[in-house]
Amino acid sequence: MPAQQPAVSVIMPVLNEERHLRDSVRHILGQEYAGEMEVVIALGPSTDRTDEIAAELVREDPRVHTVPNPTGRTPAALNAAIKASRHPIVVRVDGHGMLSPNYIATAVRLLEETGAQNVGGIMHAEGENAWEDAVAAAMTSKIGVGNAAFHTGGQAGPAETVYLGVFRREALEQQGGYNEEFIRAQDWELNFRIREAGGLIWFSPELKVQYRPRPSVRALAKQYKDYGRWRHVVARYHAGSINLRYLAPPTAVCAIAAGLVAGVTVTPWALAVPAGYLAAITAGSVPAGKGLSLKARAQIPVALATMHMCWGFGFLTSPRALAAKVIASRRPSVRRDPSEV
């Protein structure tokens, strides 16, 4: 007889996810996995039908549960769901993420084979209209995100971080869960602490999660500004955690701004810097947009510029007070009270 597969807890932080929540949970409950499973949805203060849809899911399947997350913050939601869950393997899924059919079975196998504390794979961005297709192309291209394997793919092996993640519960409990002061970059920060404690983070292209991009330029700009802002906080909080890839967007912002100013006030030749950047992202959008509609291909340079400039701007303007607040904070425990077991 095959060995019993370990029970898994799937945790989901959700806020205003009426568009994708039901489909996301359907992809979880339909997993090709023989072990016991539960789904814990942490509900933020949504202003759409998310709570109503979650209540329907609870009524429809006894494996689905909900817990409140009054702050609406992702790391607080994750910690609340971890604390309310009960199984030795913890699978993180977002409310707009769609797991591939064998995702959990593959992740559990990889945990066993590698001895890793966390395994994860590819953030497979797919759009539902021309703009989202353009963002997906930008997010899965090297000109858009550099050599980040969880965006662009690559060979299986140790990694700094992975998309979402499938954890051993003891690793989460050892670290006290996610640091709730990190509104963004909480995954990178937690994986850094796991690695500093001697744990292995493992990337595998076998693991794939379908991701829905932000639906507008404004939403994408806010997302990437926050990414840059909080990645700088991680760099201040954890010395030595920055590398050249993360410095490329703020360097580009500074160079383009200087070129524009100098081009207007000193010499028109300085405009070659912003012009060169525009030429580079336009050329880079050609291979990135292969197979897409003309409307989508035309919007890829807009998506690329939004991602680069907003990430860089967020990094450059990240206030030191954020790092000070994080350093002063205490990470909450995600261990369950014995009386709750």
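A few points about this structure:
- Under 5 Å between amide hydrogens, built in the peptide plane, is the criterion, and for Val67 it picks out Ile41, Ala42, Leu43 among residues at least 5 positions away or on other chains.
- This model, with +1 at the C-beta of Lys and Arg and -1 at the C-beta of Asp and Glu, gives region 1-138 a dipole about its Cα centre of some 500 debye.
- Anchor Lys208: lysines whose Cα lies under 30 Å away (excluding residues fewer than 8 positions away in-chain): Lys83, Lys142, Lys222, Lys225, Lys290, Lys295
- Per atom type, region 1-126 shows carbon and sulfur on 52% of its accessible surface, probed at 1.4 Å.
- Net charge over other residues, Cβ less than 11 angstrom from the Cβ of Gly121 (K, R count +1; D, E count -1): 0
- Surface composition of region 257-312: carbon and sulfur atoms hold 77% of the protein heavy-atom accessible area at a 1.4 Å probe.
- Region 59-207: C-alpha gyration tensor shape, a/c 1.5 cut-off, then a/b vs b/c: rounded
- Subtracting the Cα-Cα distance of Glu126 and Thr317 from their residue separation scaled by 0.36 nm leaves 65.7 nm.
- Farthest positive-ward along the chain dipole, Cα basis, beta-carbon charges - from Pro287, Ala272, Ala81: Ala272
- Radius of gyration over Kirkwood radius for the chain, both on Cα atoms: the Rg/Rh ratio is 0.99.
- For the chain, size of Cβ-based charge dipole, Lys and Arg +1, Asp and Glu -1, in debye: 1060
- 13 Å beta-carbon shell around Gly314, net charge (K/R +1, D/E -1): +4
- Probe 1.4 Å, accessible area per residue of the chain, Å²: 45
- Amide H contacts of Ile11 (H built 1.01 Å from N, in plane; Pro and chain starts excluded): Val40, Val91, Arg92, Val93 sit under 5 Å, all sequence-distant by 5 or more or on other chains.
The values are calculated or read from the model by the stated rules, or taken from the named source; none is laboratory data. Worth saying up front: this structure is predicted, and the values here are computed from it rather than measured. As a convention, Cβ positions derive from the backbone with ideal geometry for all residues, glycine included, and neighbour counts pool all protein chains shown. The accessibility values were calculated without ligands, DNA or RNA, using every heavy atom of the protein model including side chains. Shrake-Rupley method; radii C 1.70, N 1.55, O 1.52, S 1.80 Å.
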